[in-house]
1. Do we find a residue being part of a helix (DSSP H, G or I), in the same structural domain as E173 (by TED's automatic domain parsing) and closer than 30 Å to I39 by Cα anywhere in the range 236-246?
2. Looking at H328, H313, which one is at pLDDT below 80 and part of a helix (DSSP H, G or I)?
3. Any idea which of E36, E108, E93 is at pLDDT 85 or above, surrounded by fewer than 15 Cβ atoms within 10 Å (Cβ to Cβ) and touching a His at 6+ places or on another chain (Cβ under 8 Å)?
4. Looking only at the range 84-103, count every residue that is touching a Leu at 6+ places or on another chain (Cβ under 9 Å) and assigned to a strand (DSSP E or B) and tell me the total.
5. If we only count strands (runs of 3 or more DSSP E) wholly inside the range 106-222, which ones have 3 or more residues that are touching a residue at least 40 places away in the same chain (Cβ under 8 Å)?
6. Give the residue that is farthest from E108 (Cα to Cα), with candidates limited to residues of the range 43-55 that are surrounded by fewer than 18 Cβ atoms within 10 Å (Cβ to Cβ) and touching a strand residue (DSSP E or B) at 6+ places or on another chain (Cβ under 9 Å).
7. Within the range 66-73, identify whether any single residue is among the aromatic types (F, W, Y) and more than 51 Å from the chain's Cα centre (by Cα), and answer yes or no.
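The values are calculated or read from the model by the stated rules, or taken from the named source; none is laboratory data. Everything numeric in this text was worked out from a predicted model, so none of it was measured. Reconstructed Cβ throughout: ideal geometry from the backbone, glycine too, with neighbour counts over all protein chains shown.
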Amino acid sequence: MQYYTETMQPITVSQLNQYLKEKLEYDDALKTICIEGEISNLTLHTSGHIYFTLKDANAAIRAVMFRGYRASLKFIPANGMHVLLIGDVALYERNGSVQLYVQRMIQEGIGEVYFQFEQLKQKLAAEGLFDEAHKKSIPKYPEKICLVTSPTGAALQDMRNILRRRYPLAKIELCPTGVQGQDAVQEILRALFLADQKNADIILLARGGGSLEDLYVFNNEEIARAIYSANTPIITGIGHETDFTIADFVADLRAPTPSAAAELAVPNQQDILLDLLHMENRLSTAVASLIQTAAEKVKRAENTLNNGFSAKHTVLTQHLQQQKEVLHSAIASCLQMSAHRLQLSAAKMEANNPLSICAKGYGRLQNACGQTVTSIKQVPLQSHLSVYLADGCLSTIVVNKEPIL
């Protein structure tokens, strides 16, 4: 091992990259080489340049085909396509990366990795693992969510932030796992099994973006079958929007990114508040409408009652008036008859009034005891009598009695 000494002269990164670039440029073995491999991470840039990675089962190298050479292409490159490339190997000084500068591209067919992907996809589709009928519904208001992802990746923090912001009522639990590398498959399987035992409402299986090679672990058949067999609904958010894996096809719901998966897993509390406000408004409107309808019914009933009462009142009033007239007539008749009888009685009384008789020249005799004398037999001679006339009384003495023959 060499240790730093004061006699050593340091060089800059630029100097190092310049040196390596010159080495590669003067190496004839790296000029106009013919290389085969599979295209991945393809970018058809708006500038006209093509950027991609050329790979085989064990290695990969970055490549670029500039617009001038692209004009000669007879096909449109695509990820998974197996090609022959002719070009030079050189160093890109700015980032120190070794790149293949392609001058010509020849299509050879679908790459081996892509072929395996399609084979597995067709196999699982034939078994029904992608069928909508087998997909579990996602709960609208989950209480517990398990995250199956890397504990150190940015995807974890993104999902946590979104879940807490949109729906803080949900409990979040992490089932950590590696998401790339040789051990990733078994780690993901263990994490999925553990998450499925936690009685969660939803499992989010996610990882951030990466190359096709980085995401290829999610094209594993065992993982696909574990997702299919899980009792808990699973949402995948793997890579970027353009990335599709076998896990995405099997999942109950596929999201283009981890952040989008978090958004699909929970409702937005602001939307819930708006829904509640709209429901309150609709309820208030409905209650007001019911009250208005009831009030109108009461008014109609009141009018009906009033109209009926008025008609009844009119009939009763007319009947009472008739009865009053009958009663008045009867009373008048009774009074007339009573007056007539009174007149008759008065006439009889007047006829029998002693004073009236006296006015005709007759008188009424009373003895000293005040008894009316009606016969000479009641009066002895020399008896004192009082003679009552119409205008006064006379005192007499009986001196003689003569009976009328």
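1. For the range 236-246, residues part of a helix (DSSP H, G or I), in the same structural domain as E173 (by TED's automatic domain parsing) and closer than 30 Å to I39 by Cα: present.
2. Numbers: H328 fails: at pLDDT below 80.
From the options H328, H313, the qualifying one is H313.
3. Details: E108 fails: at pLDDT 85 or above; E93 fails: touching a His at 6+ places or on another chain (Cβ under 8 Å).
One residue alone meets the criteria, E36.
4. Filtering the range 84-103 for residues touching a Leu at 6+ places or on another chain (Cβ under 9 Å) gives 85, 87-91, 93, 96-100, 102-103.
Narrowing further to those that are assigned to a strand (DSSP E or B): 85, 87-91, 97-100, 102-103.
Of the residues in the range 84-103, 12 are touching a Leu at 6+ places or on another chain (Cβ under 9 Å) and assigned to a strand (DSSP E or B).
5. 144-149, 202-207
6. Taking the range 43-55 as the starting set, the residues that turn out to be surrounded by fewer than 18 Cβ atoms within 10 Å (Cβ to Cβ) are 43-49, 51.
With touching a strand residue (DSSP E or B) at 6+ places or on another chain (Cβ under 9 Å) added as a condition, the list becomes 43-45, 49, 51.
Details: T43: 20, L44: 19, H45: 23, H49: 21, Y51: 19 Å.
The selected residue is H45.
7. Just the residues of the range 66-73 that are among the aromatic types (F, W, Y), to begin with: 66, 69.
Checking which are more than 51 Å from the chain's Cα centre (by Cα) leaves us with 66, 69.
Yes, the range 66-73 contains at least one residue that is among the aromatic types (F, W, Y) and more than 51 Å from the chain's Cα centre (by Cα).
Each row is one residue, and each column tells you yes or no for (1) touching a Phe, Trp or Tyr at 6+ places or on another chain (Cβ under 9 Å); (2) among the basic types (K, R).
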position	(1), (2)
T236	yes, no
E241	no, no
V266	yes, no
D271	no, no
R282	no, yes
A286	no, no
T304	no, no
